[in-house]
Amino acid sequence: MSRILILGAAAVQADAVASAKRAGHTVHVCAALPGPATPLADATADFSFTEIDDLARYVRTHGIDCVYSVGSDIAMPIVGWAGENLNLPYFVGESMARSCNDKTRMRERLGAAHFVGNPWFRRVGAGEEAPEFPGFPVAVKPADSQGQRGISRVESSHDLRGAVSTAQGFSRTGAAIVEEWLEGPEVSVNCYLRGGETMFQAVSDRHVWSDYVGLVSGHTMPPTTITAEQSEQAAAVTTRAAAILGITEGPVYAQVKVSPPGARIVEISPRFDGCHIWRLVERTYGVNLLDALWPHLLHGTPPELSLRPGGQWSIDFMCIPPGKTAVYDAPASEDIVRYYEPGQIVRAINGRYEKIGYQLRAGA
């Protein structure tokens, strides 16, 4: 069995820890702050995984066989770096992962390939002010963040400067990206690739809170807000974008808007999503993608995926503002998962409306 180092200690990384331990591996967690993944780990590295020298030293000292993460755009370039520089297994190299993490680089690479699923965009660098744009509304985002931080919908040029400044404040490089606002239902697309071929793909509704732009409230699989043909279009535009970006192995996650002109990529990343959609996949199709990952990553043995349709399932997130006390209406169970103990103070992640747990349920 292998010694696996998971980057991050949030609830989504706890899924990866539990899965790797089910497979018999010894699991370490690297995170500056403890989280739901911490008590599940066999050992912990209590520093930020972005500290490359510390990470390399830990890998060598503890004989780590693999560095991986799920649900984190920030972690994936580090995973690629570790694979390339520490002779560890990996699916995607550092440069490719950064191209997905940096929305400007992602848009530029897709645009250079004349990819029809790419909306118009413009980068606003650190210290720059947004120029005039041809039309509103627009979406304003940090160029390189995650977790829906600093995102806003802007209706006019009057509000653009403040939105850009806010987005720049959430960016590690101080840059923002202004994009065409896409109307239409939003869906999530989860794929699993082997040698550039799609072994599995599933589309789900991406429900959002009406009062918080971009923040997810839940998912439904199969989707109810689009037709079967539109679902196929969303999946096709995702696999095409992955091919352009050079992603050929392992999981791919995308957010897609099904707009009147067609399916358009909102974001795409070579990782599992941050919303536990693997659990919807398991309930809906009888396939545990997370468990299937480890033989592929560690030994190059792709999973054999046998689908067993199990109806329609949804995941609903419990959310409250940061700084509030976690309160739950129902006890924890297999289908009701808590991120905090009752009474704990909720940490600021997106700074607006934070997930404190979720519930799985049958139906839409």
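Run the dipole for the chain about the Cα centre, Lys and Arg Cβ at +1, Asp and Glu Cβ at -1, nothing else charged, and hand back the magnitude in debye, nearest 20.
Working: 32 positive and 39 negative charges, 23 e Å.
It comes to approximately 100 debye.
Quick one: how many lysine pairs does the chain have with C-alpha atoms less than 28 Å apart and a gap of 8 or more or different chains? Give me the count, please.
9
Does segment 126-280 come out rounded, prolate or oblate by the C-alpha gyration tensor, with a ≥ b ≥ c the root eigenvalues, rounded set by a/c under 1.5 and, if not, prolate when a/b is larger than b/c and oblate if not? Before the final figure, lay out the partial values.
Values: a/c = 1.94, a/b = 1.62, b/c = 1.20.
In terms of gyration-tensor shape, prolate.
Charges only on Cβ, +1 for Lys and Arg, -1 for Asp and Glu: so what's the dipole of segment 120-180 about the Cα centre, in debye to the nearest 20?
Numbers: 7 positive and 8 negative charges, 49 e Å.
About 240 debye.
Any idea which of A31, A130, H158 is furthest toward the positive side of the dipole for the chain, if Lys and Arg beta-carbons carry +1 and Asp and Glu beta-carbons -1?
Among A31, A130, H158, the one farthest towards the positive end of the dipole of the chain is A31.
For segment 76-158, calculate the relative contact order in percent as a whole number, restricting contacts to Cα pairs under 8 Å that are 6 or more residues apart.
Details: 75 pairs, mean separation 16.6, N = 83.
20 percent.
Between R22 and R172, what length in nm is gained on full extension when 0.36 nm per residue of separation is reduced by their alpha carbon distance? Provide the component values of the computation, followed by the final result.
Working: separation 150, 0.36 × 150 = 54.00 nm, distance 3.55 nm.
Going from the current span to full extension adds 50.4 nm.
Which FRET efficiency value, to the nearest 0.05, do you get for V208 and E155 by plugging their Cβ-Cβ distance into 1/(1 + (r/R0)^6) with R0 = 22 Å? If you can, show how the numbers build up before the last one.
Numbers: r = 18 Å, r/R0 = 0.80.
It comes out at approximately 0.80.
Just need the relative contact order of segment 120-180 here, percent rounded to a whole number, with Cα pairs under 8 Å and 6+ apart. Intermediate results must be reported in sequence, preceding the final value.
Numbers: 124 pairs, mean separation 29.5, N = 61.
So the answer I get is 48 percent.
Treat every Asp and Glu Cβ in segment 186-362 as -1 and every Lys and Arg Cβ as +1, leave all other atoms uncharged, and give the resulting dipole magnitude about the Cα centre to the nearest 20 debye.
Numbers: 15 positive and 18 negative charges, 59 e Å.
Once rounded to the nearest 20, the dipole reads 280 debye.
Between T224 and E51, what length comes free when the chain is fully extended (0.36 nm per residue of separation minus the Cα-Cα distance, one decimal in nm)?
Answer, rounded to one decimal: 58.0 nm.
When only Cα pairs under 8 Å and 6 or more residues apart are kept, what is the percent relative contact order across the chain? Let's see the in-between values first.
Numbers: 822 pairs, mean separation 48.2, N = 364.
Relative contact order here is 13 percent.
Among I226, L5, I345, which residue has its Cα positioned farthest towards the positive end of the charge dipole of the chain, with +1 placed on the Cβ of Lys and Arg, -1 on the Cβ of Asp and Glu, and the dipole taken about the Cα centre?
In the chain, that residue is L5.
Looking at the square roots a ≥ b ≥ c of the eigenvalues of the Cα gyration tensor of segment 232-331, which shape do they give, rounded for a/c under 1.5, prolate if a/b is larger than b/c, or oblate? Before the final figure, lay out the partial values.
Details: a/c = 1.70, a/b = 1.25, b/c = 1.36.
Here segment 232-331 falls in the oblate category.
How much length would be gained if the chain were fully extended between D65 and L307, taking 0.36 nm per residue of separation minus their Cα-Cα distance, in nm to one decimal? Provide the component values of the computation, followed by the final result.
Values: separation 242, 0.36 × 242 = 87.12 nm, distance 3.06 nm.
Here the answer is 84.1 nm.
For segment 3-90, rounded, prolate or oblate, judged on the Cα gyration tensor with a ≥ b ≥ c (square roots of eigenvalues), a/c < 1.5 rounded, else prolate if a/b > b/c?
Details: a/c = 1.42, a/b = 1.26, b/c = 1.13.
Verdict is rounded for segment 3-90.
We did not get these values from a lab; they are worked out from the coordinates using the rules stated. Note that the coordinates shown come from a computational prediction; the quantities given were computed from them, not determined experimentally. With ideal geometry, Cβ positions are generated from the backbone for all residues, glycine too; neighbour counts draw on all protein chains shown.
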